[in-house]
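Taken together, the values in this text are just the output of simple stated rules run on the coordinates, not laboratory data. Predicted model, so just to flag it, every value in this text is computed and none were measured. With ideal geometry, Cβ positions are generated from the backbone for all residues, glycine too; neighbour counts draw on all protein chains shown.
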């Protein structure tokens, strides 16, 4: 199980809330007792990850985050890896493979990616965005508020 810590906050509520939700989904996947639960949670995680990356990149583009191309490349790589593992794990499952065996690679990838990505890549946004956001005129800050909230996924 992985735990959210306040030092992981980037200071943008929409992104921080997404990260917390991703942590919860990874933890849920880890304790899934059945194939059905695991498959449903993996698909939910994949879909949420895609929407999170889209939201994060929109915020970064709006504020002209200087590392956005690195972020986009990292996002593409994780989506491709996640897609491949989900397809391999759930489309090619067989009766001799246990759910724990199937999920081990997926969970390892997700834990490593999520912790590394948040602590190494996304954390760079904290100082940049807090400085950039505070330096904008009030009218621009209000316009940016659409990015600074989370749309709940169901």
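The modelled label-to-label distance between residue 47 and residue 116, using points 7 Å beyond Cα along the C-beta direction, is 2.8 nm. Compared with the alpha-carbon gap, the fully stretched path from residue 81 to residue 98 is longer by 4.0 nm at 0.36 nm per residue. Available extension along the chain between residue 40 and residue 2 is 11.7 nm, counting 0.36 nm per residue and deducting the alpha carbon span.
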